[in-house]
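The structure appears below as structure tokens.
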Amino acid sequence: VQLQACGGGLVQAGESLRLSCTPSVRGLSIMGWYRQPPGDKRDMVATTTAGGHTNYAGSVQGRFSISRDVRKNTVYLQMDTLKSEDTGIYFCYVKRGNVNYWGQGTLVTVSS
């Protein structure tokens, strides 16, 4: 499974960014995003299931929104009111059967 992610960049605190990721296959049970801050471990940001159930990290609840366009087979992460602590490499994630797949990551830098 190949994951094509894009949308990272450099923004100021309070601004917005939207990430997108298009997997090379369809019918994925879970799609979402993880992030890895500088010098820290990778953690879940947001996920969405095929049935539309969403899950968010507490630190982004109310600021980030994950959505899934079934027709385009694309998952989006709308990030609003960005904070400096949101800085990190964002990885697209999908689950197919019992196997997890990760994209190469896209860098998001939020300056304060």
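Quick look at the values:
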{"quantity": "Number of positions in region 6-16 that are open to solvent by 30 Å² or more (accessible area, probe 1.4 Å), over 11 Å from the mean Cα position of the chain (by Cα) and either within 16 Å of Gly103 (Cα to Cα) or not charged (D, E, K, R) (or both)", "calculated": "5"}
{"quantity": "Residue list for region 21-42, restricted to those being more than 15 Å from Ala5 (Cβ to Cβ) and without any contact (Cβ under 8 Å) to a residue 60 or more places away in the chain", "calculated": "Arg26, Pro37, Pro38, Gly39, Asp40, Lys41"}
{"quantity": "Selection from region 102-112 of residues that are under 19 Å from Ser24 (Cα atoms), open to solvent by less than 60 Å² (accessible area, probe 1.4 Å) and either part of a strand (DSSP E or B) or out of contact with any Gly (no Cβ under 9 Å at 6 or more places or on another chain) (or both)", "calculated": "Gly103, Thr106"}
{"quantity": "Residues of region 41-56 satisfying the condition of being closer than 18 Å to Met79 by Cβ and more than 11 Å from the chain's Cα centre (by Cα)", "calculated": "Arg42, Thr54, Asn55"}
{"quantity": "Test result for Ser20, under 18 Å from Ser111 (Cβ atoms) and open to solvent by less than 60 Å² (accessible area, probe 1.4 Å)", "calculated": "no"}
{"quantity": "Criterion: surrounded by 14 or more Cβ atoms within 10 Å (Cβ to Cβ) and over 12 Å from Leu3 (Cα atoms) - qualifying residue of Val99, Val45, Val70, Val94", "calculated": "Val45"}
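The values are calculated or read from the model by the stated rules, or taken from the named source; none is laboratory data. Keep in mind the model is a prediction, meaning the values are calculated, not measured. Every residue, glycine among them, receives a Cβ derived from its backbone with ideal geometry; neighbour counts consider all protein chains shown. Protein only, heavy atoms only, side chains kept; ligands, DNA and RNA dropped before computing areas. Shrake-Rupley method; radii C 1.70, N 1.55, O 1.52, S 1.80 Å.
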